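All remarks here apply to the structure that follows.
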């Protein structure tokens, strides 16, 4: 049941990026996070590709979504030597994707914080360990 919740949350993220068009955004992920990262779960996989000017999120079955070309307001809210955070605001919903550097270069932690229309945080928050592809 918990895996199903995560699958629907990830599908919601994809819909979030594909509903309302906004202007192009300037993104510049730090060097330490650039590359391809993945989580291979039993029910689904999570995949991110960080380039020098974009973050691409992929869902199972080949669907992809670019943060830079995404919908709503997209902002790099934290960018340090150990943390990279992107906040996406669409309507009254806010999604915060936070990536933290792992102990070595083989993995990073991915946190998704979800604030829904009512402003309730925490109900759909998830954490994944992403491994270098």
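FYI, it's all coordinate maths here, none of it is from the lab. Fair warning: this is a prediction, and the values are worked out from it, not measured in the lab. Because the Cβ atoms are built from the backbone with ideal geometry, glycine has one as well, and the counts that use them run over all protein chains shown.
General observations
- Spin-label model, residue 107 to residue 78: label points 7 Å out along the Cα-to-beta-carbon direction sit 2.0 nm apart.
- Compared with the direct C-alpha span, the chain from residue 39 to residue 126 gains 30.1 nm at full extension, assuming 0.36 nm per residue.
- Gained length - residue 133 relative to residue 52, 0.36 nm times residue gap less alpha-carbon distance: 27.5 nm
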